[in-house]
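The structure appears below as structure tokens.
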Amino acid sequence: MLTIYGVPISVHTRKVIVAAIEKKLPYQNEPVIPFDPPAGWDRLSPTGKIPVVSDDGFELADSSVICAYLEQTRPEPALFPREAKTCARALWLEEYCDGTLFREVVHGLFFQNVIRPKILKLETDPSAVDEILTQALPRVFGYLESQVGDGFLVDGHFGIADIALTSNLVNYHYLGYRIDGARYSRLDRYFNRVCRHPSIATALRTEQPVAQNMGLDLSAIAAHA
Ligand SMILES: N[C@@H](CCC(=O)N[C@@H](CS)C(=O)NCC(=O)O)C(=O)O
């Protein structure tokens, strides 16, 4: 049995949960919060971050490494294209979403709007939020708008790039933000479409109580889950 450590509303933990659901792997979730970790967490997670998995005692950190491991050990349905160049494109988009979209947009907004006021008991810094929304977001959403089409991101099949992008956009919506449909119409349609994909919808339904508990805005997500 797979144990997934990490709170399910985390962008990277959700990636692993969706991959497990897509591959029909039984799993249990231990909802570790990185700011208040259990004893021994630094041994399990060398970076201190979530997620970590234990696959019958085999422990592994980092959502990208974990998803690649799940693909090797349970190949069907495939989340990574087999063809080299197509796979490289999927890996690039996964990395762009995990790195640039998360680090430069979603993490900062989540940190300012949730972690500072609700966990660290500090005030939100409106200038930091404004800088993300006016500087980083247009650049990052502009690039993503140029990459999405009418189906899934890569090769017409649901896969790792879709999981990484959608997981970030879910948290963006949880914060009460919306994709500007006039400026990023393809990205907005993509998000609403992929949220209905069964493994994503199941993950969103399952995490609803946690999101509700944290006072997040579920109104954009509830329609799909
Ligand atoms: N590259 C890592 C990134 C993981 C990550 O940044 N996790 C966030 C939550 S989504 C975290 O643990 N943040 C707490 C911290 O930075 O201390 C992965 O893909 O798993």
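Values quoted throughout were computed directly from the atomic coordinates according to the rules given, and no laboratory measurement underlies them. It should be emphasised that the depicted structure is a prediction, and the values quoted were computed from it without experimental measurement. Every residue, glycine among them, receives a Cβ derived from its backbone with ideal geometry; neighbour counts consider all protein chains shown.
How big is the charge dipole of the chain about its Cα centre, in debye rounded to the nearest 20, if each Lys and Arg gets +1 on its Cβ and each Asp and Glu gets -1 on its Cβ?
For the chain, the charge dipole is close to 400 debye.
About the Cα centre of the range 54-155, what is the dipole size in debye to 20, counting +1 per Lys and Arg Cβ and -1 per Asp and Glu Cβ, all else neutral?
With Lys and Arg at +1 and Asp and Glu at -1, about 220 debye.
Dipole of the chain (Lys/Arg Cβ +1, Asp/Glu Cβ -1, origin at the Cα centre): which of Thr166, Ser54, Leu120 lies farthest to the positive side?
Thr166
Specify which residue in the list Ile17, Tyr5, Thr73 is farthest towards the positive end of the charge dipole of the range 2-73, using unit charges on the beta carbon of Lys, Arg (+1) and Asp, Glu (-1), about the Cα centre.
Ile17
Along Cα→Cβ, 7 Å out, is where each label goes; now give me the distance between the ones at Tyr27 and Trp92 in nm to one decimal.
Here the answer is 2.7 nm between the modelled labels.
Taking a ≥ b ≥ c as the square roots of the eigenvalues of the Cα gyration tensor of the range 117-171, is the shape rounded (a/c under 1.5), prolate (a/b larger than b/c) or oblate?
oblate
Using only the Cα atoms, what convex hull volume per residue in Å³ does the chain have?
With only Cα atoms used, the chain gives 118 Å³ per residue.
Using only the alpha carbons, work out the radius of gyration and Dmax of the range 2-73 in angstrom.
Values for the range 2-73 (Cα only, Rg and Dmax): 11.0, 32 Å.
Among the GluC sites (Glu not before Pro) within the range 71-148, which fall in a DSSP loop and have no more than 15 other Cβ atoms within 10 Å of their own Cβ?
Those satisfying the criteria are Glu83, Glu123.
If you take every DSSP beta bridge whose two residues both sit in the chain, what share of them, in percent to the nearest 5, is antiparallel?
Given both bridge residues lie in the chain, the antiparallel proportion sits at roughly 70 percent.
Order these peptides, 204-211, 115-122, by their mean beta-carbon neighbour count within 10 angstrom, highest first.
Sorting 204-211, 115-122 by mean packing, highest first, produces 204-211, 115-122.
Place a point 7 Å from the Cα of Glu131 along the Cα-to-Cβ direction; which residues of the range 78-114 have their backbone N under 19 Å from it?
Once the point is set 7 Å along Cα→Cβ of Glu131, 100-114 turn out to lie under 19 Å by backbone N, inside the range 78-114.
If you average the sequence gap of Cα pairs under 8 Å that are 6 or more apart and divide by the length of the range 28-115, what percent do you get for the contact order?
This gives 12 percent for the range 28-115.
For a test of the definition: using alpha carbon positions, the gyration tensor, and the 1.5 limit on a/c, classify the range 148-225 as rounded, prolate or oblate.
oblate
So for the chain, averaging the separation of alpha carbon pairs under 8 Å that are six or more residues apart and normalising by length, what relative contact order in percent results?
21 percent
Using Cα positions and a limit of under 22 Å, work out the lysines in reach of Lys118, with same-chain residues fewer than 8 apart set aside.
Leaving aside lysines fewer than 8 places away in the same chain, those within reach of Lys118 are Lys49.
Could you grab the relative contact order for the range 112-217? Cα pairs under 8 Å, six or more apart, rounded to a whole percent.
Once divided by the residue count of the range 112-217, the mean separation gives 24 percent.
I want to check the label-to-label distance for Arg189 and Asp42. Put each point 7 Å from Cα in the C-beta direction and report it in nm to one decimal.
5.1 nm
Restricting to DSSP H runs of at least four residues, report the calculated mean residue ellipticity at 222 nm for the chain, -39500 (n - 2.57) per run over all residues, nearest 500 deg cm²/dmol.
For the chain, the value works out to -13500 deg cm²/dmol.
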